[in-house]
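The values are calculated or read from the model by the stated rules, or taken from the named source; none is laboratory data. Here the structure is a predicted model, which is why all the values come from computation and not from measurement. No Cβ is skipped: glycine too gets one built from the backbone with ideal geometry, and neighbour counts run over all protein chains shown. SASA here: full protein model, heavy atoms, side chains in, ligands and nucleic acids out. Shrake-Rupley method; radii C 1.70, N 1.55, O 1.52, S 1.80 Å.
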Amino acid sequence: MSPSQIIVLATPVFLLLIAIEYLVGLRCGRNTYRLDDAINSVSLGMLSQVSAVFTPLLRVGIYTAVYSSLALVPDTGFWTTLPGWLLALLFYDFLYYWNHRLGHTVAVFWAAHVVHHQSQDYNLSTALRQPSSYPLLGWVFYLPMALAGVPPLVFVVVGLIDLLYQFWIHTEHVGRLGWFDRVFASPSNHRVHHAVNERYLDKNYGGILILWDRLFGSFAAEDPREPCVYGTRSPLNSWDPLWANAEVYWALGQDAWRTRHWADKLRLWFKPPGWRPADVAATHPRPAFDIRTVTPYAPNIARPVAVFAALQFVALLAGVAVFLWQADAAPLAHNIAGFTALLAGLWALGALLQGRITLGEVLLIECAALSMASATLGWTTAHQVFKPLSMLVALGLVLRAMRAAPTGLRGAPWLLAALAASLAGDVFLMLDGLFIPGLAAFLLAHIAYTVLFRQGVPWLANRRALGAVATVGLGMYVVLWFGGLPIGLRGPVAAYVLAIGFMAAQAMGRASVQRDFPSLMVAVGAACFMASDALLALNRFVNPLPMSAFWVLGSYYAAQCLMVMGVLRGSAPGLTR
């Protein structure tokens, strides 16, 4: 049984304990849970687990290679005896302490570890809040075990034990435990670790044993006179799981770009978190941390949205369980498609809780992701459902927006026409022998989109964009011509390339005039549409592409989602809130 499958089997236990803690909190009048924060924490745990499917080389492969070729101690069977297992666990916990400590004191390691600390609540769901980028560098800390001859199996098992132990210590409902607190990591000790109070900052790193902190001077006891304030000193203020993983990397990258000193461009990655080059700190100052100003991030959530989000969360949890259970034996293409669909769903759920997208837009994104994934996985029946359903949901979004807009939705008839033609094209392309009708339907969709993008702006306002699109379109047509495009299709395909190129150029010109985020979304969507059609043509007429359904449909649905959501935001921005 793989570690991923063990996590799947342990998940119901985790969720049961979370439910018990929640009920205990309600009973004693001290609830430590908020729906949005808990969903975000567990979502980050799910994202961490599904992304780990692609990093076995970093997590175990390098360790195994070092063990096999560089181990300094021969394998005599000691490590699989009871004393050997216990020593291996102690060894791992010692190395974990230093991994964890450097994760707080070196910026590039903090960039990964910060995810675990972003929650401003402290409960068992926080324990599941794990980073996705940890495997990139975390493996380095455990190579001493490989050099000491600890077998990979023993390493994996004791690592899993160390990780699972730490689940129960993320709670506010267990107080001081006397002698236990002096030896082991405990709820009281770990509450200190998660606090941003000055006296608690960067303390209590131990995974199982708190003795390491006492030995190396990083221990602090919880003081009932100073309650712990949780989170980070630069609050995330977002439920976006992608941004949660990227925020510190982005900040470090910005500072590295801005500083004029080449040494500082490298140095800041290895300095303590918060260190900034002097020139950057002077030109881009940040306010000093003041614990008195800390307030929980809590966007308003309507009850229907909360119920919908909870149901979506349960569905995503089930999807992650299915994905992890079969991931080790599945082809890479299937894992990539499944991961992408789950990632889209987790992002959409966070955006919904944050008020950035609507319920209907969540359904559009999820139907599109499921259409792409089902095609890649070869689930024909599911694909035949979700492909037309995606465009039906998009049509429903536009109709709802038309009813809700007090002054009408500018260009709505053309958007409806574009989506209806896209729906027809989707259906035709799913059926054998209807490629030409499908091509004609999408030609009409591009014309409708082009007219829509003309609303309120001149024709082809950005000549450089027009030149770039024309160059790409002509180049693609030349490739198709010499790559085997049938003579009878050269005319229709030329007309199609002209239409989609004109649409993309108009969308880009519109963005250069309006200079706002919705029009940029539309322009990027139009470029994605052009890329999708190019990939479809290459796959059909030149050479079959690996994972063609993933690339063609992925770019196609990115185009449709971006263009529909961008048009709705630009025409009636209040409808997306």
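Quick look at the numbers
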| item | result |
| --- | --- |
| Unique match (being open to solvent by 70 Å² or more (accessible area, probe 1.4 Å) and either hydrophobic (A, V, I, L, M, F, W, C) or free of Cβ contacts under 8 Å to residues at least 60 places away in the same chain (or both)) among 74, 12 | 12 |
| Residue within segment 136-144 that is surrounded by fewer than 17 Cβ atoms within 10 Å (Cβ to Cβ), within 26 Å of residue 248 (Cβ to Cβ) and touching a Phe, Trp or Tyr at 6+ places or on another chain (Cβ under 8 Å) present | yes |
| Near pairs, Cβ below 6 angstrom, 6+ apart or cross-chain, from segment 432-460 (under 19 Å from residue 521 (Cα atoms)) to any residue that is open to solvent by 30 Å² or more (accessible area, probe 1.4 Å) and part of a helix (DSSP H, G or I) | 448/414; 448/417; 450/502; 451/414; 452/414; 457/513; 460/466 |
| Selection count where residues are part of a helix (DSSP H, G or I) and either in contact with a Phe, Trp or Tyr (Cβ under 6 Å, 6 or more places away or on another chain) or open to solvent by 50 Å² or more (accessible area, probe 1.4 Å) (or both), scope segment 294-320 | 7 |
| One residue from 20, 6 being more than 19 Å from the chain's Cα centre (by Cα), modelled with pLDDT of 95 or more, open to solvent by 20 Å² or more (accessible area, probe 1.4 Å) and β-branched (Val, Ile, Thr) | 20 |
| Meets criteria (surrounded by 15 or more Cβ atoms within 10 Å (Cβ to Cβ), among the hydrophobic types (A, V, I, L, M, F, W, C) and either in contact with a Gly (Cβ under 9 Å, 6 or more places away or on another chain) or under 22 Å from residue 312 (Cβ atoms) (or both)) for residue 60 | no |
| Residue check for residue 107: among the aliphatic types (A, V, I, L, M), over 19 Å from residue 241 (Cα atoms) and at pLDDT 95 or above | yes |
| Flag for residue 212 being modelled with pLDDT of 95 or more and under 30 Å from residue 356 (Cα atoms) | no |
| Contacts under 6 angstrom Cβ, first residue in segment 264-290 being touching a residue at least 12 places away in the same chain (Cβ under 8 Å) and under 19 Å from residue 247 (Cβ atoms), partner aromatic (Phe, Trp, Tyr) and surrounded by 15 or more Cβ atoms within 10 Å (Cβ to Cβ), 6 or more apart | 273/110 |
| Output for segment 180-212, where each listed residue is assigned to a loop (DSSP other than H, G, I, E, B), aliphatic (A, V, I, L, M) and open to solvent by 40 Å² or more (accessible area, probe 1.4 Å) | 201 |
| Hey, residue 133 closer than 29 Å to residue 38 by Cβ, open to solvent by 10 Å² or more (accessible area, probe 1.4 Å) and touching a residue at least 60 places away in the same chain (Cβ under 8 Å) or not | yes |
| Candidate set: segment 160-174, residues that are among the aliphatic types (A, V, I, L, M) and assigned to a loop (DSSP other than H, G, I, E, B); chosen: the one surrounded by the fewest Cβ atoms within 10 Å (Cβ to Cβ) | 174 |
| So residue 381, is it open to solvent by 30 Å² or more (accessible area, probe 1.4 Å), of a type in the set (Ser, Thr, Tyr) and over 21 Å from residue 555 (Cβ atoms) | yes |
| Residue check for residue 328: acidic (Asp, Glu) and open to solvent by less than 50 Å² (accessible area, probe 1.4 Å) | no |
| Filter result for residue 338 (part of a helix (DSSP H, G or I), in contact with a Phe, Trp or Tyr (Cβ under 8 Å, 6 or more places away or on another chain), under 23 Å from residue 19 (Cα atoms) and open to solvent by less than 50 Å² (accessible area, probe 1.4 Å)) | no |
| Options 236, 215, 177: the member that is in contact (Cβ under 8 Å) with a residue 40 or more places away in the chain, among the aliphatic types (A, V, I, L, M) and either surrounded by 14 or more Cβ atoms within 10 Å (Cβ to Cβ) or not in a loop (DSSP other than H, G, I, E, B) (or both) | 236 |
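This table checks each residue for (1) charged (D, E, K, R); (2) part of a helix (DSSP H, G or I); (3) surrounded by 20 or more Cβ atoms within 10 Å (Cβ to Cβ).
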residue	(1), (2), (3)
375	no, yes, yes
388	no, yes, no
391	no, yes, yes
397	no, yes, yes
410	yes, no, no
